[in-house]
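For reference, the structure discussed in these notes is given below.
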Amino acid sequence: MLYYIQFYKYAELTVIKMNVAIFTEVLAPYVCGISSYVDVLKKGLEALGNKVIIVTSSLHTDRSVFKEGIVRCPAKKSMNKYGYQCKNINDKYVMKFLTKFKPDVIHIQTDTKIGYMALNIADKLRCPVVFSVHDYYSDRFASDSSVVTWRIKTFFEKKHFCDMIDNANIIASSNKRAASFVRAAGRNRKVRLIPSATDRSEFDYKNSSGEAVRKLRKKLGLPLNAVVAVFAGNLSVDKNLEFMLSAFSRHIKKTDNIHLLIVGDGTETEHLKALCGKFKIRECVHFAGAVAHSLMPAIYSACDIYVCSSDDSLMSMSFVEAMSCGLPVLVKEDKEKFAYNMIKDGVNGFVCKNEAGFAKYLKKLSSFEPHEKRQMRRIVRKSMVDTDAEYMAKCTVKVYEQAIKSFNLNINIIVK
């Protein structure tokens with residue numbers, strides 16, 4: 001046996017260009033915050049001179065393939081939040097490919113099967129692991145799940161969540177609320193904060209002309225003169241979209257000329273559509289379904305306000321993208337007031353306490369003159385000046401440096 005100790009000089013890490021392997025169960029064309037986050041992170045890291053490989057799963061391949069910096073592994077349908085998961089966590093192709101790539105750090109984005117593949121590879125290649133918390137394990141199931149089903153699924157989801165935490169050198173997230181998720185899982189781990197960001201050159205309302213906005217509104221079935229509130233993301237229980245639908249039903253009249261556009265798909269899609277029928281608001285609520293991420297800048301630019309009613313959400317990518325496009329945001333107040341970190345109430349967004357307040361702010365926006373709406377767009381976009389991809393990547397690299405240092409301090413002896 002040969003025992004040896006390998007150390008990095010921490011002070012020099014800021015000038016070292018890294019090989020980074022990012023593992024995520026979902027990636028574009030799947031529409032959700034995680035897939036958007038990974039895409040932006042890859043661009044930012046590469047802009048800093050790092051080499052990045054993404055490992056993900058796909059229902060549209062029967063063997064693992066590498067193309068344009070992405071390894072796509074065969075997936076099977078699953079009852080998890082995303083609807084599918086990686087088939088084989090011991091994929092020999094991926095192992096061989098990553099061995100040749102020699103990652104300096106592995107960054108896990110999802111605690112599903114692809115996360116376990118990442119842990120296996122990190123163990124075999126002896127490299128540090130960063131795990132990003134994007135959601136909470138008990139918020140992943142359909143509203144029609146029975147209590148027994150919910151508890152059984154939550155038990156296993158909690159195990160997956162804890163396995164990632166227990167085997168990662170560093171835990172990271174875009175919001176401090178993730179620390180309460182970690183504590184609720186029975187773990188005492190520090191969470192490093194990495195701000196969410198987007199490509200501000202891509203998400204800019206100035207890229208869409210007035211004519212383009214009119215054509216898109218017509219295509220989506222949205223009245224040209226209506227105030228349009230938009231939500232984009234995975235349609236799951238934790239998004240609490242029932243709050244918005246109930247607010248429209250109880251407090252917004254047809255004569256208010258306010259419409260809601262819901263972009264995305266998920267376990268709650270049919271349930272939400274049924275609620276629209278029950279509440280008799282089908283005429284003012286529009287479901288766009290899953291759309292290509294490349295279309296989102298135009299969709300945001302065709303709307304007037306971004307809405308979010310989750311009680312316990314972390315900072316979503318769609319939240320950041322919409323504000324970059326100049327949309328003020330309307331969010332439901334939560335117990336930890338996470339929204340106040342980015343929102344200046346009445347300046348670049350609004351915070352409501354209940355359904356009546358939600359409707360009140362939508363009506364307030366509908367009373368704005370065109371020049372007032374344009375001025376607000378400029379103010380909102382300006383408030384997002386520190387949310388570009390390169391800034392997020394620089395913060396992430398600092399976390400990678402901490403992970404490498406932690407790995408070398410705690411796992412010094414390697415057996416060959």
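The values are calculated or read from the model by the stated rules, or taken from the named source; none is laboratory data. From a predicted model like this one, the values you see are computed outputs, not experimental measurements. Neighbour counts are summed over all protein chains in view; Cβ atoms, including those assigned to glycine, are modelled from backbone coordinates with ideal geometry.
Structure above, values below:
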item	result
Wholly enclosed strands (runs of 3 or more DSSP E) of region 1-92 bearing at least 1 residues at pLDDT 95 or above	19-23, 51-58, 65-67, 70-77, 84-86
Where Ala172 falls short, out of the listed (1) assigned to a helix (DSSP H, G or I); (2) touching a residue at least 40 places away in the same chain (Cβ under 8 Å); (3) in contact with a helix residue (DSSP H, G or I) (Cβ under 6 Å, 6 or more places away or on another chain)	(1)
Search result, residues across region 91-142 that are more than 21 Å from the chain's Cα centre (by Cα) and among the polar types (S, T, N, Q)	Thr99, Asn120
From the options Thr110, Thr154, residue that is under 21 Å from Arg189 (Cβ atoms), β-branched (Val, Ile, Thr) and not in a helix (DSSP H, G or I)	Thr110
Where a residue in region 50-69 is exposed (fewer than 12 other Cβ atoms within 10 Å of the Cβ) and among the acidic types (Asp, Glu) and its partner, wherever it lies, is at pLDDT 95 or above and part of a strand (DSSP E or B), with Cβ under 7 Å and at least six apart	Asp62/Pro74
Residues located in region 40-87, provided they are polar (S, T, N, Q) and either under 26 Å from Ala142 (Cα atoms) or not assigned by TED's automatic domain parsing to the domain that holds Ala122 (or both)	Thr56, Ser57, Ser58, Ser78, Asn80, Gln85
Options Asp304, Asp311; residue that is acidic (Asp, Glu), in contact with an Asp or Glu (Cβ under 6 Å, 6 or more places away or on another chain), touching a residue at least 12 places away in the same chain (Cβ under 8 Å) and outside the structural domain of Gly83 (by TED's automatic domain parsing)	Asp311
Qualifying residue in region 296-311 (condition: in a helix (DSSP H, G or I), surrounded by fewer than 17 Cβ atoms within 10 Å (Cβ to Cβ), touching a helix residue (DSSP H, G or I) at 6+ places or on another chain (Cβ under 9 Å) and at pLDDT below 95)	no
